[in-house]
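Down below is the structure, laid out as structure tokens.
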Amino acid sequence: MLTDNENSEIDAFDVYMRKGEFLRRLRELELQDEAERAAQEDSSSPENSDAVVKTSAGQQIFIYETFLADQRYYDDSKHVNYKYIDYGTLGTSSPLVMEQDHRLGKGGLCWDAAFILGEYVESVWKDHPLLPNKSFIELGSGTGLAGLMVAKALNVHVTMTDLPELMPLLQRNIARNLPQMELDTKNLDEVYWEYMGGEASSSSGCHDSRGSATASVLCWGNKEQEKSHGTFDVIIGADLVASLYDPYALADTVFHLCHNQSKVYISFKERQTEYHVMFETAMRQQFSKLEILLPNSRNANPEVKILVAESKNLS
């Protein structure tokens, strides 16, 4: 029979081994992503000329449709070196052209989870009879990819939020792609206008677009900012759960932006991480209905899931 001391030593050893296995698994996933990216780079040189449009200034604009047509890898870093990505038309004859800025870190880049979320929300709401009366907010907008996809495809207004340092990039992407914002030509460089076939003094890039959006600062857990925004019918967010952020503050902010009929859609790239567990646990405490879905999207990244929550607990 084992003594209490021996039992405690075994328990401690078991915890240590489980932690080690968890860390090893995370490293394996990282190495897998790196290997897939390296293999793709080796097999795709020289680069497919149809995938990139080069302007007279030498700037490259990546055509996202070419990736969708030949999806051989899903490393989230695959498009970080492009300043612009053209996502094609979304319920309108004008394309969605997104600017990236890797100097801003994770928030300055476009991710698979954002594109997949945008397509999913469009598919859920496009034929909804009450759509014109619905209010939308996006948390952690970053570049604004998901929110702008929803605004353009559904012809709705989206309140897009993030930290102060992301506001200039977010506002530029709104200005390029939606007609309601007066364009500040000082912030929109010549490369974009050459690509769109217009002049920097006109709104030729988005004159036939639909939808609208505004950008505002919202720090998760800030009660004053949450109160100033009010509540919304639809809350969306892409790739919000990570070690950089507080999962409990995120869940709390989602809760305070909801009324009892709100719908929540949060996409994420599934990993074995305690932060996803913490966020999901907090959300289950705050909402009566919650499910994790494998979305149907033209981007077939198998690791991206969507958390859908509704029926806010009022007690």
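The values are calculated or read from the model by the stated rules, or taken from the named source; none is laboratory data. Given the structure is predicted, the values throughout are model-derived calculations rather than measurements. In this analysis, Cβ positions are derived from the backbone assuming ideal geometry, glycine residues included, and neighbour counts consider all displayed protein chains.
Summary of computed values
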| quantity | calculated |
| --- | --- |
| Unmet criterion (only one of (1) surrounded by fewer than 19 Cβ atoms within 10 Å (Cβ to Cβ); (2) modelled with pLDDT of 95 or more) for Ala300 | (2) |
| Near pairs, Cβ below 6 angstrom, 6+ apart or cross-chain, from segment 125-148 (over 14 Å from Thr214 (Cα atoms)) to any residue that is buried (at least 16 other Cβ atoms within 10 Å of the Cβ) and of a type outside the set (A, V, I, L, M, F, W, C) | Lys134/Asp233 |
| Lone unmet requirement of (1) closer than 23 Å to Pro164 by Cα; (2) surrounded by fewer than 22 Cβ atoms within 10 Å (Cβ to Cβ); (3) under 14 Å from the mean Cα position of the chain (by Cα) for Val80 | (3) |
| Listing of helices (runs of 4 or more DSSP H) fully contained in segment 216-289 that carry 1 or more residues being within 30 Å of Tyr74 (Cα to Cα) | 247-257, 274-286 |
| Qualifying residue in segment 48-63 (condition: modelled with pLDDT of 80 or more and in contact with a Gly (Cβ under 9 Å, 6 or more places away or on another chain)) | yes |
| For Val308: the one exception among (1) part of a strand (DSSP E or B); (2) of a type in the set (A, V, I, L, M); (3) free of Cβ contacts under 8 Å to residues at least 12 places away in the same chain | (3) |
| Breaking point among (1) crowded, with 17+ Cβ neighbours inside 10 Å; (2) within 12 Å of the chain's Cα centre (by Cα), for Phe136 | (2) |
| Unmet criterion (only one of (1) at pLDDT below 95; (2) within 23 Å of Val124 (Cα to Cα); (3) exposed (fewer than 13 other Cβ atoms within 10 Å of the Cβ); (4) not small (Gly, Ala, Ser)) for Leu314 | (2) |
| The listed residue being at pLDDT 95 or above and either within 17 Å of the chain's Cα centre (by Cα) or assigned to a helix (DSSP H, G or I) (or both), out of Leu117, Leu104 | Leu117 |
| Number of the exception - Ile61 against (1) closer than 24 Å to Tyr265 by Cα; (2) buried (at least 16 other Cβ atoms within 10 Å of the Cβ); (3) not basic (Lys, Arg) | (1) |
| Failed item in (1) buried (at least 24 other Cβ atoms within 10 Å of the Cβ); (2) touching a helix residue (DSSP H, G or I) at 6+ places or on another chain (Cβ under 6 Å); (3) under 24 Å from Leu257 (Cβ atoms), with Leu96 passing the rest | (3) |
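Residue-wise test of (1) buried (at least 22 other Cβ atoms within 10 Å of the Cβ); (2) of a type in the set (Gly, Ala, Ser); (3) under 22 Å from Asp76 (Cα atoms).
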{"position": "Ser123", "(1), (2), (3)": "no, yes, no"}
{"position": "Gly142", "(1), (2), (3)": "yes, yes, yes"}
{"position": "Leu166", "(1), (2), (3)": "yes, no, yes"}
{"position": "Leu170", "(1), (2), (3)": "yes, no, yes"}
{"position": "Asn173", "(1), (2), (3)": "yes, no, yes"}
{"position": "Asn177", "(1), (2), (3)": "yes, no, no"}
